[in-house]
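**Student:** Quick one: the structure is below, questions incoming.
The values are calculated or read from the model by the stated rules, or taken from the named source; none is laboratory data. Predicted model, so just to flag it, every value in this text is computed and none were measured. Methodologically, a virtual Cβ is constructed for each residue, glycine included, from the backbone with ideal geometry; neighbour enumeration extends over all protein chains shown.
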Amino acid sequence: MRRILYLVSFLLIPAISAVTPLIAIPAITSTAGVRGWEAYALGLSVGTAACVIVELGWPLTGPQRVATEAPQERWATLVSSVRTRLLILLVLGPAAVLVAIALTRITGAAYTITAALMALASAATGLSGNWYFTGVGRPLRILTSDALPRAALVTAGSVAVVYGAPLQVIPGAFLVAVLFSPLASLFLARHERVGKARFTLRDDLRVMRGQMPAMSGRSIAALYVALPITLVGIFAPAALAAFAAAERLMRMGLTVLQAVPNALQNWLGSAQTEAEVRRRVGAVIKLNLALGVVSAVGFALLAPWVSTILFTGAVTIDPLLAAAAGGVIALVSLNRALGPLGLVRYDLVHAVTVSAVAAAIVGVPAICIFAVLWGAVGATIGEIVAEATAAVVQTAYLVRAMRRT
């Protein structure tokens, strides 16, 4: 029974995170139309790419690390991660804002302030302590520190916009929520503090260097995970609205599916013997792949209908685009098991980086070229090419590691 409640807790968190945009999107499209949606999506794309760097790879390496640490060590790890990520945000936040402003002018989208605020808010999401509570097996604290405050603030902002407030109120509310998250995380974890953790700028730089392998892999992956909306806006602006709609729905679905690998982090990290590690890695791969395939079929069938309601008729997703996005869902689910679970458990973080480089080299040109040729569907096929490349590389590394043990 306890394990069921544990899994339900992890499912509840991404469900709330996914429902939050469902409230914001109709408010955006019903008051600002396609142009407002494009500006919001561009800011989200740029900010999400910056967020990957701000995270410094902690969501990749942190959960299994704190799962094995003593309480006082966990506290020092959390504080160090917040300090180092904040330093990165101070540099990348303004850069993301400038890029978002430039893109709105290049693509002809309006609502520049909305795009800029959304870029900053999305970048600041990298400060979240969610990975910490995932690693220590306390998912309900993610609800109180992140998911519920974000849902409440974004909902309030969306309602305000519907009743006449300017569009930028929504990303402004989002920004307040994501800045609250790391403060709440530190407050909720304070009971594990033993003595006073002392850090210097030299310590922060050392930690940053240590996180570079994990961060570099995730940063490269952002080229084909977070930036496709930006790439489509540049190379095929006519397809931007439809592609961004499918991409947003797809990522929202993947947010919900993230609950499963999150719930498995602590379980996989606690395996004691090599045989047990091998067995558990195999189990999480099979589970994530099955979940991804089922979800892909569901998305392909439901997305066209959902889009007509969610985007208030301003944007629609056709069946072919929905089917292609479903393919991305299946592959991403598989890669989440192969990389952040399997390869990290075998201490092969560098293999995740190698797979990301290969996927970016193949996928980014594919997204750009296919977008020019076939619009939104072509760009999504380019994402499939990228994720498939990553899956092949990660599988090769993981099979080799499992055979050695």
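**Student:** Does region 105-114 contain any residue that is under 19 Å from Cys51 (Cβ atoms) and either in contact (Cβ under 8 Å) with a residue 24 or more places away in the chain or not in a helix (DSSP H, G or I) (or both)?
**Tutor:** Yes, region 105-114 has at least one match.
**Student:** So is Ala147 more than 18 Å from Arg74 (Cα to Cα) and free of Cβ contacts under 8 Å to residues at least 40 places away in the same chain or not?
**Tutor:** Considered against the rule, which asks whether it is more than 18 Å from Arg74 (Cα to Cα) and free of Cβ contacts under 8 Å to residues at least 40 places away in the same chain, Ala147 comes out as no.
Yes or no, residue by residue, for (1) buried (at least 23 other Cβ atoms within 10 Å of the Cβ); (2) polar (S, T, N, Q); (3) outside any helix (DSSP H, G or I); (4) on the phi < 0 side of the Ramachandran plot:
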position: Pro94; (1), (2), (3), (4): no, no, no, yes
position: Ala102; (1), (2), (3), (4): no, no, no, yes
position: Met118; (1), (2), (3), (4): yes, no, no, yes
position: Thr134; (1), (2), (3), (4): yes, yes, no, yes
position: Ala152; (1), (2), (3), (4): no, no, no, yes
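**Student:** Restricting to helices (runs of 4 or more DSSP H) lying wholly in region 254-367: which have 3 or more residues that are surrounded by 15 or more Cβ atoms within 10 Å (Cβ to Cβ) and among the aromatic types (Phe, Trp, Tyr)?
**Tutor:** Correct list: empty, since no element meets the threshold.
**Student:** State whether one or more residues within region 185-195 are small (Gly, Ala, Ser), within 21 Å of Ser81 (Cβ to Cβ), touching a residue at least 12 places away in the same chain (Cβ under 8 Å) and exposed (fewer than 15 other Cβ atoms within 10 Å of the Cβ).
**Tutor:** Checked against the condition, which is being small (Gly, Ala, Ser), within 21 Å of Ser81 (Cβ to Cβ), touching a residue at least 12 places away in the same chain (Cβ under 8 Å) and exposed (fewer than 15 other Cβ atoms within 10 Å of the Cβ), region 185-195 yields at least one hit.
**Student:** Here's something else I'd like to know. Any idea which of Ser9, Ser30, Ser17 is modelled with pLDDT of 90 or more, small (Gly, Ala, Ser) and part of a helix (DSSP H, G or I)?
**Tutor:** Result: Ser30 is the single residue among Ser9, Ser30, Ser17 that is modelled with pLDDT of 90 or more, small (Gly, Ala, Ser) and part of a helix (DSSP H, G or I).
**Student:** Here is a further query. Kindly indicate whether Gly382 is modelled with pLDDT under 95 and crowded, with 24+ Cβ neighbours inside 10 Å.
**Tutor:** Judged against the criteria, Gly382 is not a match.
**Student:** Further, regarding this structure: Only one of these conditions is not met by Arg198: (1) without any contact (Cβ under 8 Å) to a residue 40 or more places away in the chain; (2) farther than 30 Å from Ile23 by Cα; (3) part of a helix (DSSP H, G or I). Which number is it?
**Tutor:** For Arg198, the failing item is (3).
**Student:** Test Leu179 against the criterion of being assigned to a helix (DSSP H, G or I), in contact (Cβ under 8 Å) with a residue 12 or more places away in the chain and surrounded by fewer than 23 Cβ atoms within 10 Å (Cβ to Cβ), and give yes or no.
**Tutor:** Yes; evaluated as a whole, the condition is true for this residue.
**Student:** With respect to Arg218, determine if the residue is free of Cβ contacts under 8 Å to residues at least 24 places away in the same chain and under 15 Å from the mean Cα position of the chain (by Cα).
**Tutor:** The answer is no for Arg218.
**Student:** Let me ask another. Quick check: anything in region 63-80 on the phi > 0 side of the Ramachandran plot and in a helix (DSSP H, G or I)?
**Tutor:** no
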